[in-house]
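One structure is given here, and the rest of the page talks about it.
Every number here is computed from the coordinates shown, using simple stated rules; none is lab data. Note that the structure is predicted; figures quoted are calculated from it, not measured. Here the Cβ positions follow ideal geometry from the backbone for every residue, glycine too, while neighbour counts run over all protein chains shown.
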Amino acid sequence: MGSYIIRRLLQAIPILLIVSLISFGIMKLVPGDPAIVIGGPNATAEEVENIRRNLGLDRPFYVQVGVFYWNLLHGDLGRSLLLGKPVLEAVIERAPITISLSIYAMVLTIVFGISIGVLAALRQNTWIDQVATTFALIGVSLPNFWLGLVMIVLFSVHLGWLPTNSYVEFSDDPVRWLRHATMPSVALAMLQIGLLARITRSTMLETLRQDYIRTARAKGLPEWRVVAKHAMANVMIPVITVVGIILSVLISGSVVIESVFSIPGIGSLLGNAILRRDYTMIQGGLLFVAAALMLLNILVDILYAWFDPRVRYDAGK
Amino acid sequence: MDAAGAIARPRTTPFWRTPTFRRLVRHRSFMIGLAMFSFVVALAVLAWWIAPNDPNRTAIRMRFRPPQLDRVFLLGTDNLGRNMLSRIVHGAQLSLLIGLGVVLLNTVFGVLLGAVAGYFRKLDGPMMRLADALMAFPSILLAIGIAAALGPSAWTAVIALSVVYIPRTARIVRASVLVVREMEFVQAARASGAGHWRIISRHIMPNCMAPLIVQLSFIFAYAVLSEAVLSFLGLGAPPSIPSWGTMISEGRTYIREAAWLTIVPGCAIALTVLGLNLMGDGLRDVLDPRLKIEQG
Amino acid sequence: MAAQPLLSVRNLRTVFGTMQGEVTAVDDVSFDVAPGEVLGIVGESGSGKSVTALSIMGLLPQPPGRVAGGEILFEGRDLLKLPRSELRRMRGSAIGMIFQEPMTSLNPVFSIGDQITETIRVHERIGAAAARTRGIEMLEKVGIPSPQRRIDDFPHQLSGGMRQRVMIAMALSCSPRLLLADEPTTALDVTIQAQILDLLRDLQREMGMAIVVITHNMGVIAEFADRVAVMYAGRIAEEGPVGRIFDAPTHPYTAGLLASTPDLVGEVPRLRTIPGTLPSLYELPPGCRFAPRCDRRVEACESGRPATQEIEPGHFAACIRAREGASA
């Protein structure tokens, strides 16, 4: 198991290198001279030149790459053009908000996604299955930001149940936070719930067809035990793999959702940066998120390996 | 004809007489999805006839008309008096074209890269590292990043979305190629002296079609959905071209007084994507029931 | 047999619903198993032998399969009329079953110790430690070396033969009176096959349980069974003591099966086969199902289902020409 962890971490390094290269390259994609774009139409030649020198764009390419990695190793993700402060600082400042939102959405996804999927599988081809599958399918087909807006119309404007303006952090007031965070988290989670439900259902159906389930029944185990212990244990393994993907999509979805609900998290930070052409922020922010997600995925992989004894006990094979 | 060729020769019976077609037609979800999607396609193709007037023509005196049972005002007008029905059907054109573009690019590059990676062992390793790196970025974020850098336009959207998805398509193609490559008729073809490209195109590829086709329908769905996100953020087609995502973004300001401005385009997106997802499910059930569901 | 049979299957009929209509996989099958006896059910693939065993255990895949008629009397009680919870309680404790594929029949994510003790604790009220001890005993009994260590192993750490032994240990852990063994050695190497059969025979003698062994291999029957029932296309063709049937088969199908098994001694110029193939269950011939392939058929064979004739006490054949003696 330990060797697996080390192997996984080592595998991640070249990928991380390429990932950082890609985010560095994004700035290079800007057509034309980025310094001019940043300076805007009214900038004088001198101002543009200043910008160019500040960002190091006048240096040769390999020097730029070198400087980029050098800074990275020192934890410097660049400096936001708009906010004037280091990207890393701006991101970390807003991280707790996005993280709490993502955790809420994650919990919703896991609870509802898995239960709906299991229920649909156990009652295959009955009306319960049809309803569940349709619900999952619709969930996967709705644009999440639109769902957020529709929820605002329904629950805030017409019914007045949940608030839309301002935002309360979890650390300030958990109960009010719950009220504020519910709609955005549901909007975020809806697509993932649909996805997880579909995958859980098909995995469960396939697992129930396996020989060892027949053996479990032949041993005289009560049906609930066959499902809850023998089937579920095997279903969870591929489901855990999907959890990593779900987390990625959740975090990227937060870019849009946070702007819809005016939540000051990393998502809206990036969203603003995109609108205002804050390239350094875009670059640094994307890299941060991608790296954080890679780390999370590695954790998920390790969790997966721990659960599957075939991998766990493979030491030295 | 060599034995290897005989096995891999493409069908000579027309598609509509094959058992696959018959199974597709009997698959209820597939047909429902096909109906939905065809409806949207029809809207897009017939846009010039259906639209009561130019989607960009403003008419301040007619603004904020709610939807009513009326040929012209079926979907109402927006804050600038522009006719929603016209805008929706023209938006369909944009979404479908972008979806088509993404699917085409994925077909060309995804297949090419996947086949090369799967067939030539030496190239497989580095190519998969690159694919993994691209896939490490959450898809929407990468698309947003690329689109932000390149500047908003319909082309940017197509390129950005394709770049995000080509690694996934390539992986799927590669997986099939890896399996088919070891099959006996391929060995036979190689033994009879066929060159690499001939083997790949005539023998291996026809047998990898099934998972690819399923993936392409899901990609189309994903493209429509993501294009809406990009337009919503202002990174898609410019405001002069009606786009469902932009319409939602514009309608957002008036959500209290004129909710239909947001609801209608969202329903259009949902209808299209749902239709495509149903078709994808149906294709997967018929073509290869053992394919696992993959994201997107 | 004066004593009441342990298992008595009477007129069992099992059907499967398919897209082309309902198909009868087991058609009016009857046989008895005495306590402590080994009955072999032999037949080609698709003859309905596995379905028979699954019907007895109530393990038919429910949506397509169901028992459409007959009785299954175990110790006098009709299993088909028992409430599900009762039947469930009997599985594993009164009747055990082992399957063909040891590689996939054990749950890969739980240790074999977990899977054995779980069986014990579901049926008997004993604590975890006691169950574990019994588990180790069972593993030892089935010939697994170092059972105290191996009890915590996972299935993938064991070979096919070992997994089958574990399956046997699991099935026998609560000392059932009847064991159903569906092709227990088919998926194993030849050398391991012999070991497993020896093991089963030893355990059977030691525990005094009855075994119904299902196989397509006549050799297994010869080695292992006391009585044999030969199945063809969902019906029993011949049933009787193994020795009698091997010496003098009266049903043409049985004769054909035995003739096609090559002799290890002496020259075999050419392998003998039974011409033709199993009929599709959707298009069964009227009358005797073996008639199309039978070299002794007469017109009467096609008109109605052949009645079961008693050749001698305990020996039955479903062939109208059985008494004449079959060609060897």
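In chain B, the DSSP-assigned H stretches of four residues or longer account for a calculated mean residue ellipticity at 222 nm of -21000 deg cm²/dmol, using -39500 (n - 2.57) per stretch and the full residue count as denominator.
The packing ranking of peptides C:32-39, C:123-130, highest mean first, is C:32-39, C:123-130, where packing means the average number of other beta carbon atoms within 10 angstrom of each residue.
What angle do you read, to the nearest 10 degrees and between 0 and 90, between the alpha-carbon axis of helix C:112-123 and the longest principal axis of chain C? Roughly 80 degrees, rounded to the nearest 10.
Here A:K229 is the anchor, and the aspartates and glutamates within straight C-alpha reach of less than 17 Å, apart from those fewer than 8 places off in the same chain, are A:E206, A:D211, A:D308, C:D114, C:E118.
Based on the reciprocal of the average 1/r between different C-alpha atoms, the Kirkwood radius for region C:203-325 equals 15.7 Å. Sequence-ordered 3J(HN,Hα) estimates for region A:214-223 from the Karplus curve with 6.51, -1.76 and 1.60 and θ = phi - 60° stand at 5, 4, 4, 5, 5, 6, x, 6, x, 4 Hz, glycine and proline given as x.
Pairs over the 24 Å Cα-Cα cut-off, from the set A:K28/B:K122; A:K219/C:K49; C:K81/C:K141; A:K28/A:K85: A:K28/B:K122; C:K81/C:K141. For region C:3-118, rounded, prolate or oblate, judged on the Cα gyration tensor with a ≥ b ≥ c (square roots of eigenvalues), a/c < 1.5 rounded, else prolate if a/b > b/c? Taking the square roots of the gyration eigenvalues as a ≥ b ≥ c, region C:3-118 is oblate. On the beta carbon distance between A:I5 and A:I99, with R0 = 22 Å, the FRET formula returns roughly 0.40. With a 10 Å cut-off around each Cβ of A:143-154, the average count of Cβ atoms from other chains is 6. With the cut-off at under 18 Å, measuring from each backbone N in region C:18-53 to a point 7 Å along the Cα-to-Cβ line of C:R10 picks out C:27-35. Karplus-derived 3J(HN,Hα) values for region B:212-226, using 6.51 cos²θ - 1.76 cosθ + 1.60 with θ = phi - 60°, are 5, 4, 4, 4, 5, 5, 5, 5, 4, 4, 5, 5, 4, 4, 6 Hz; glycine and proline are entered as x.
Largest first and in whole Å, the equivalent-ellipsoid semi-axes of the protein assembly as shown read 64, 31, 29, each the square root of five times a Cα gyration tensor eigenvalue. Model label points for C:M207 and B:A42, set 7 angstrom from Cα along the Cα-to-Cβ axis, are 6.7 nm apart. With the gyration tensor restricted to C-alpha atoms of chain A, the semi-axes of the equivalent ellipsoid amount to 43, 27, 15 Å, longest first. Computed over chain B with a Gaussian network model linking Cα atoms closer than 10 Å, the most mobile of B:S226, B:S217, B:S139 is B:S139. Our helix-only sum for chain C, with -39,500 (n - 2.57) per DSSP H run of n ≥ 4 divided by its residues, gives a mean residue ellipticity at 222 nm of -9000 deg cm²/dmol.
Extending 7 Å from Cα along the Cβ direction at C:Q309 and again at B:L97 yields two label points whose distance is 8.5 nm. Using R0 = 41 Å, the C-beta based FRET efficiency linking B:L112 and B:W49 works out to 0.60. Here the 3J(HN,Hα) profile of region B:187-194, calculated from phi with Karplus coefficients 6.51, -1.76 and 1.60 at θ = phi - 60°, is 4, 4, 4, 5, 5, 7, x, 5 Hz, Gly and Pro shown as x.
Here the Gaussian network model covers chain B, with springs between Cα atoms less than 10 Å apart; of B:D285, B:D70, B:D124, B:D70 fluctuates the most.
For region C:52-161, the Cα-based Rg and Dmax, in that order, read 16.4, 48 Å. In this structure, the amide hydrogen of C:I41, modeled 1.01 Å from its nitrogen in the peptide plane, lies closer than 5 angstrom to those of C:V213, C:I214, C:T215, C:A229, counting only residues at least 5 positions away or on a different chain. Distances between placed amide hydrogens fall under 5 Å for C:V26 paired with C:T14, all partners being 5 or more residues away or on another chain. Hull volume per residue, based on the alpha-carbon atoms of region A:67-204 and their convex hull, is 169 Å³.
Taking 20 Å as the cut-off, the amide N atoms of region A:73-112 that come nearer than this to a point 7 Å along the Cα-to-beta-carbon line of A:N50 belong to A:79-86. Close amide H partners of C:I98, meaning residues 5 or more places away or on another chain with modelled amide H under 5 Å apart, are C:L180, C:A181, C:D182.
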